[in-house]
Amino acid sequence: APVGAALEVADLWAGYGEQDVLRGIDLTLEPRSIVALIGANGAGKSTLLRTVSGLIRPRRGEIRLGGEQIGGLAPHRIVERGFVQSPEGKQLFSDMSIRENLLVGATNPRARARREETLEEVFDLFPILRERQALPASTLSGGQQQMVAVGRALMALPRVLALDEPSLGLAPIMVDRLFESIERIKARDLTILIIEQNVFQVLEMADKGYVLENGVVTLSGTGAELLADDHLRASYLGL
Ligand code: ATP
């Protein structure tokens with residue numbers, strides 16, 4: 001049978017304690033696409049990534065990565081299967097070198113076997129990291145630390161790379177560079193799921209977007225369709 005979607009989520013329910021946060025989410029990520037998750041604070045975007053990553057157990061529904069069920073697997077198994085989230089808020093080891101921080105991403109057996117080649121690929125993507133690889137991570141600017149965070153996720157050889165607000169705290173020029181590098185990463189044959197507050201910029205780049213409100217998808221379409229949608233323009237672009 002054809003593998004089809006890179007990631008497929010169907011009727012997904014999850015939450016914390018008694019509280020349901022996700023209330024029947026459906027998503028389909030085509031291979032080699034960039035998919036944006038849009039929504040106000042508290043809509044459930046981070047909860048969705050945490051549930052797919054295995055940090056929160058789904059209450060109901062299906063999560064399939066390349067056609068295989070991953071719902072309910074332990075987080076490290078899900079990384080091994082290929083769903084990898086770039087660490088939130090960077091979370092680097094500040095005293096370790098940049099190179100060591102990157103290698104931390106390649107601990108799963110599938111990635112470890114290829115880690116020297118992958119490291120070269122990450123350095124090709126972010127040449128400044130090659131130059132500074134021996135320095136402690138604490139010596140980098142915010143934008144460079146974000147490159148290390150993305151690079152560390154790439155070291156795990158993702159099939160689907162998830163990014164939770166990668167541009168948070170970056171100066172506008174660094175946000176532009178980060179978006180350029182995300183497009184270059186997509187060219188490497190993987191699928192990207194991205195949460196972003198820069199709604200205009202992310203939808204210009206995205207193949208598809210989903211709008212989450214109160215734990216349900218209220219709108220989806222291509223980036224261009226969403227940018228032309230009156231509700232989206234009023235609620236998320238202030239137009
Ligand atoms: P943000 O941009 O603020 O992160 P979000 O769309 O990612 O928004 P979530 O972080 O997924 O939203 O939060 C969705 C809901 O779940 C909110 O009501 C939030 O208060 C609640 N929530 C998030 N994390 C926890 C937690 N660890 N324990 C209990 N409730 C939580």
Task: Per residue accessible area of segment 142-239, 1.4 Å probe, in Å² - done: 41 Å²
Task: segment 1-94: C-alpha gyration tensor shape, a/c 1.5 cut-off, then a/b vs b/c - done: rounded
Task: Exposure of THR139 as accessible area (Å², to 10), given a probe of 1.4 Å and all protein chains - done: 80 Å²
Open item on the list: Working only with C-alpha atoms, what are the Rg and Dmax values of the chain, expressed in angstrom?
Closed with: 17.4, 50
Open item on the list: Expected output is a single nm value to one decimal: the length gained when fully extending between LEU239 and GLU204, i.e. 0.36 nm times separation in residues minus the C-alpha distance. What is it?
Closed with: 11.0 nm
- [ ] Just check segment 139-205 against the gyration tensor rule for me: Cα atoms, a ≥ b ≥ c as the square roots of the eigenvalues, rounded for a/c under 1.5, and otherwise prolate or oblate depending on whether a/b exceeds b/c.
- [x] oblate
- [ ] Take the alpha carbon gyration tensor of segment 66-134, find the square roots of its eigenvalues, order them as a ≥ b ≥ c, and report rounded if a/c is under 1.5; if not, report prolate when a/b exceeds b/c, else oblate.
- [x] prolate
- [ ] Kindly rank 35-43, 79-87 from highest to lowest mean number of other beta carbons found within 10 Å of each residue.
- [x] 79-87, 35-43
Open item on the list: So, R0 is 22 Å and r is the distance between the beta-carbons of ILE173 and THR139; what FRET efficiency does that work out to, to 0.05?
Closed with: 0.65
Task: Cβ-derived FRET efficiency at R0 41 Å, ALA40 paired with ARG110, nearest 0.05 - done: 0.65
Task: Contour minus Cα-Cα distance for ASP189 and GLN19 (0.36 nm per residue) - done: 57.5 nm
Open item on the list: With a cut-off of 8 Å between alpha carbons and a minimum separation of six or more residues, what is the relative contact order of the chain in percent?
Closed with: 26 percent
- [ ] Pull up the DSSP beta bridges for the chain and report the antiparallel fraction as a percent, rounded to 5.
- [x] 55 percent
Task: Solvent-accessible area, 1.4 Å probe, carbon plus sulfur percent, for segment 129-188 - done: 53 percent
TODO: Take the alpha-carbon positions of segment 86-194, form their convex hull, and give its projected area averaged over all directions (one quarter of the hull surface) in nm².
DONE: 6.0 nm²
Task: Under 14 Å, Cβ to Cβ, from THR28 - net charge with Lys/Arg +1 and Asp/Glu -1 - done: -3
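The values are calculated or read from the model by the stated rules, or taken from the named source; none is laboratory data. These numbers were taken from a predicted model, which means no experiment stands behind them. Neighbour counts run over all protein chains shown; Cβ positions are idealised from the backbone, glycine included. Each accessible area value is taken on the protein alone, full model and side chains, heavy atoms only, with ligands, DNA and RNA left out. Shrake-Rupley method; radii C 1.70, N 1.55, O 1.52, S 1.80 Å.
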